[in-house]
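Step one of this worksheet: look at the structure below.
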Amino acid sequence: MAADYDIIVVGARCAGAPTAMLLARKGYRVLMDDRASFPSDTLSTHMVHAPGIAALHRWGLLDEVVATGCPPVETYSFDFGPFTIAGTPRPCDGISTAYAPRRTVLDKILVDAAAGAGAEVRERFTVDEVIVEDGAVVGIRGRAEGGDQVFERARVVIGADGRNSHVAKVVQPEQYNEKPMLQWSYYTYWSGFPVDGFETVIRPDRGWAALPTNDGLTLLVVGWPYAESRAYKADVEANYLKTLELVPEIADRCRAATREERFAGGSVANFFRKPFGPGWALVGDAGYTKDPITAQGISDAFHDAELCSTALDEVLDGGRSFEDAMSGYQRTRDARVLPMYEFTTQLATLEVPPPEMQQLLGAVHGNRDAMNSFVSVAAGTMSPVEFFDPEHVGRIMGAAAAAV
């Protein structure tokens, strides 16, 4: 039987909707479905660093995000206790500004863009089964809310359905670079909590970050090591607030503010999955998940969408074989994100940095160029490989020694 669609995308949030949009813009027949309806909320770090903002600009969607009133984030700061490193990230495609929109806002913009590009969007649609024939995925079977079960065929089914991907569970891809859950965090939203850009505080075995989002609210997320998760969960609010007392000024800000929503949070394991196989592909958290402490997930999902849609376009128009194009997608993805993966998973231990790292961070403090470089790593506009290159580190240490 001929496929009804070129592509079926399972999952319609930050990975699925851009993938569907980009493929629909290329003229392919795309079906995108999601169990949720939009707008709706989901667990998220919210932060879209400059590389993700640059993608929104390329797609013609940045003005819509800005129009929601979400404040821009121009500066990043990291309070290590003895000193604070603060700066402005280097630009990505001319953009250094970040935004942290609510997912009720961002996801709706992305879903509408996919529909506007010509993708068929089915909300409140549950995929009951991923159909495999002769070793290849050929479609899905599912139902809309209150509707009859339907069977839809496609040349490729894309799993954009998160780290617990139903598609991935069926195809069972190779999983590699695995690391366990490292930290447990909770966040909520506060009104009347002033924040200057993206503020991060690091203390032994504790860490938190504050960032501005829509409607005058500040998202404040507080993390503990995973080994202490049971104690944290025993009284989330009390432990969350007690942690902030490590910095009295921030605790005072919190006492003067009003909590507007419930606490949300948890932890994730860290892993890569092979993101393709016969008749299927994975994007976003379905293919690669890491701890949210560096808030790279949305930007990475956008990058996956561009890489995967480009590779599939080359396949569907007959220019490259599926294996060749999708292997390229995997190699490019992994080469780009692996250094940040290692950096992130080290931070997520919440352990005291080793002496040589403490010495380097002390040398970065007060050096404007070095501080901008450090925050560029957090923003995803400078690779940890470049920052920690011995020659770069030598320049930072040399400047610190000369200033004594």
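Considering the range 65-83, the residues that are among the hydrophobic types (A, V, I, L, M, F, W, C) and either part of a loop (DSSP other than H, G, I, E, B) or free of Cβ contacts under 8 Å to residues at least 60 places away in the same chain (or both) include one that is nearest to D369 (Cα to Cα), namely F83. In the set (1) over 30 Å from E228 (Cα atoms); (2) open to solvent by 50 Å² or more (accessible area, probe 1.4 Å), the condition left unmet by P173 is number (2). Would it be correct to say that G223 is open to solvent by less than 20 Å² (accessible area, probe 1.4 Å) and at positive phi? In short, no. Farther than 26 Å from N372 by Cα, in a helix (DSSP H, G or I) and of a type outside the set (G, A, S) - does that describe any residue in the range 84-104? Yes, the range 84-104 contains at least one residue that is farther than 26 Å from N372 by Cα, in a helix (DSSP H, G or I) and of a type outside the set (G, A, S).
Regarding V30, is this residue over 25 Å from A210 (Cβ atoms) and either modelled with pLDDT of 95 or more or open to solvent by 10 Å² or more (accessible area, probe 1.4 Å) (or both)? Yes: the conditions hold for V30.
Pick from V364, V352, V337: which is under 19 Å from F388 (Cα atoms) and in contact with a Pro (Cβ under 6 Å, 6 or more places away or on another chain)?
V352
When the range 197-247 is limited to residues that are of a type in the set (D, E, K, R) and touching a strand residue (DSSP E or B) at 6+ places or on another chain (Cβ under 6 Å), the one that is nearest to Q183 (Cα to Cα) turns out to be D205.
One residue stands out in the range 281-293 among those that are open to solvent by 10 Å² or more (accessible area, probe 1.4 Å) and part of a helix (DSSP H, G or I): the one that is farthest from V111 (Cα to Cα), namely I293. For the range 48-64, residues that are outside any helix (DSSP H, G or I) and open to solvent by 10 Å² or more (accessible area, probe 1.4 Å) total 2.
Output yes when any residue across the range 252-272 is under 26 Å from the mean Cα position of the chain (by Cα), under 30 Å from R153 (Cα atoms), modelled with pLDDT of 95 or more and surrounded by 15 or more Cβ atoms within 10 Å (Cβ to Cβ), and no when none is. Checked the range 252-272: at least one residue is under 26 Å from the mean Cα position of the chain (by Cα), under 30 Å from R153 (Cα atoms), modelled with pLDDT of 95 or more and surrounded by 15 or more Cβ atoms within 10 Å (Cβ to Cβ). Does any residue of the range 354-370 turn out to be among the aliphatic types (A, V, I, L, M), surrounded by fewer than 21 Cβ atoms within 10 Å (Cβ to Cβ) and under 30 Å from Y187 (Cα atoms)? Yes.
Here's the yes/no breakdown for (1) of a type in the set (S, T, Y); (2) surrounded by fewer than 15 Cβ atoms within 10 Å (Cβ to Cβ); (3) outside any helix (DSSP H, G or I):
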{"site": "H303", "(1), (2), (3)": "no, no, no"}
{"site": "A325", "(1), (2), (3)": "no, no, no"}
{"site": "Q330", "(1), (2), (3)": "no, no, no"}
{"site": "L338", "(1), (2), (3)": "no, no, no"}
{"site": "V377", "(1), (2), (3)": "no, no, no"}
{"site": "T381", "(1), (2), (3)": "yes, no, yes"}
{"site": "E386", "(1), (2), (3)": "no, yes, no"}
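Taking the conditions (1) of a type in the set (S, T, Y); (2) closer than 19 Å to R103 by Cβ; (3) surrounded by 19 or more Cβ atoms within 10 Å (Cβ to Cβ) in turn, T200 satisfies each one other than (2).
Sub-8 Å Cβ pairs linking a first residue in the range 256-274 that is touching a residue at least 60 places away in the same chain (Cβ under 8 Å) to a second residue that is among the basic types (K, R) and in a loop (DSSP other than H, G, I, E, B), at least 6 apart or interchain, are V268/R163; V268/K290; A269/R163; N270/K290, ordered by first then second residue.
Residues in the range 341-353 that are open to solvent by 20 Å² or more (accessible area, probe 1.4 Å) and part of a helix (DSSP H, G or I): E342, F343, Q346, L347.
Conditions (1) among the hydroxyl-bearing types (S, T, Y); (2) within 20 Å of the chain's Cα centre (by Cα); (3) buried (at least 18 other Cβ atoms within 10 Å of the Cβ); (4) over 30 Å from T200 (Cβ atoms), marked per residue:
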| site | (1), (2), (3), (4) |
| --- | --- |
| I85 | no, no, yes, no |
| D93 | no, yes, no, no |
| G118 | no, no, no, yes |
| E133 | no, no, no, yes |
| G139 | no, no, yes, yes |
| G142 | no, no, yes, yes |
| I158 | no, yes, yes, yes |
| N177 | no, yes, no, no |
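The values are calculated or read from the model by the stated rules, or taken from the named source; none is laboratory data. Bear in mind that the values here come from a model prediction, so they are computed numbers and not experimental data. Note that each Cβ is placed from the backbone with ideal geometry, even for glycine, and that neighbours are counted across all protein chains shown. Accessible surface areas use protein heavy atoms only, side chains included; no ligands, DNA or RNA. Shrake-Rupley method; radii C 1.70, N 1.55, O 1.52, S 1.80 Å.
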